[in-house]
Amino acid sequence: RPVFDYEERVRVLSSLAAVCGVLLLALVLSLVLKREAPVIAFLLTLTAGVLILLYAFGMVGSTAQRFAALLAQGGVTDSLYLPVLRAVGIAVVVRIMSALCKDAGQSALAAKVEIVGAVLALSVCLPLLEQVLSLLAEWTA
């Protein structure tokens, strides 16, 4: 089966169109409501974000399976790519939480979330760094 066949492209583009439609609708409604009811506008934006994330998480399963199969074909072990995937997951969560903090007017809290995310991403990548250093030590010995 081709890596990215026609049906897959159509599915991806239709998913993108659906997400963009929900985003645009939420954006327009939020802008209309922002002057009169800022709390409702924020809750609408938050709800749209949660719905889109739930939709994205539903798509993660099949993508992760394909990714794992490709890496297995290349002989890459879990211990090499899982730290990177964890760091990417942390980055996504931190970015979303930071944006929510900034939308709520809490930029100082957003900065602290970003610092914690950087420390967590570094900590999940330490096993990978240890493996790279041991591999370099083997090559130089």
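At a Förster radius of 35 Å, what calculated FRET efficiency corresponds to the Cβ-Cβ distance of A37 and A99, to the nearest 0.05?
Working: r = 21 Å, r/R0 = 0.60.
Calculated value: 0.95.
Just the accessible area per residue of the chain, please: how many Å² with a 1.4 Å probe? Write out the running numbers ahead of the final one.
On the way: 10430 Å² over 141 residues.
Accessible surface, normalised per residue, equals 74 Å².
In the chain, with Lys and Arg counted as +1 and Asp and Glu as -1 at Cβ, which of these residues, A37, V84, Y55, has the Cα nearest the positive end of the dipole, that is, farthest along it?
Of the options given, the answer is A37.
For the chain, what does the alpha-carbon gyration tensor say about shape, rounded, prolate or oblate, given a ≥ b ≥ c as the root eigenvalues, a/c under 1.5 as rounded, and a/b over b/c as prolate? Can you show the working numbers first?
Working: a/c = 4.53, a/b = 1.49, b/c = 3.05.
Oblate shape, in that a/c is at least 1.5 and b/c is the bigger or equal ratio.
What is the percent of Cα-Cα separations in the range 11-72 that go past 15 Å? Mind showing how you got there, number by number?
On the way: 1132 of 1891 pairs.
Percentage above 15 Å: 60.
When the dipole is taken about the Cα centre of the range 37-114, and only Lys, Arg (+1) and Asp, Glu (-1) are charged at their Cβ, what size is it in debye, to the nearest 20?
Details: 5 positive and 3 negative charges, 8 e Å.
Computed charge dipole of the range 37-114: roughly 40 debye.
Need one number for the range 58-141: average projected area of the convex hull over its C-alpha atoms, nm². Before the final figure, lay out each step's value.
Numbers: hull surface 28.6 nm².
Result: 7.2 nm².
Taking the Cα centre of the chain as origin and charging only Cβ (+1 Lys, Arg; -1 Asp, Glu), how large is the dipole, in debye to the nearest 20? Provide the component values of the computation, followed by the final result.
On the way: 10 positive and 9 negative charges, 82 e Å.
Dipole about the Cα centre, nearest 20: 400 debye.
Round to the nearest 10 and give me the degree value, 0 to 90, for the angle of helix 107-140's Cα axis relative to the longest principal axis of the chain.
Between helix and principal axis, roughly 10 degrees.
Given the peptides 90-103, 12-25, arrange them by the average over their residues of other C-beta atoms within 10 Å, most packed first.
On the way: 90-103: 15.8, 12-25: 11.9.
With the highest mean Cβ count within 10 Å placed first, the list reads 90-103, 12-25.
Kindly express, to the nearest 10 degrees and within the range 0 to 90, the angle between helix 6-36's C-alpha long axis and the longest C-alpha principal axis of the chain.
40 degrees
Taking R0 as 35 Å, what FRET efficiency do you get between T63 and T140 from their Cβ-Cβ distance, rounded to the nearest 0.05?
Details: r = 38 Å, r/R0 = 1.08.
Computed FRET efficiency for T63 and T140 comes out at 0.40.
The values are calculated or read from the model by the stated rules, or taken from the named source; none is laboratory data. This structure is a prediction, so every number in the text was calculated from the model and none was measured. Because the Cβ atoms are built from the backbone with ideal geometry, glycine has one as well, and the counts that use them run over all protein chains shown. Ligands, DNA and RNA are stripped out before the accessible areas are found, and what is left, the full protein with its side chains, is counted by its heavy atoms. Shrake-Rupley method; radii C 1.70, N 1.55, O 1.52, S 1.80 Å.
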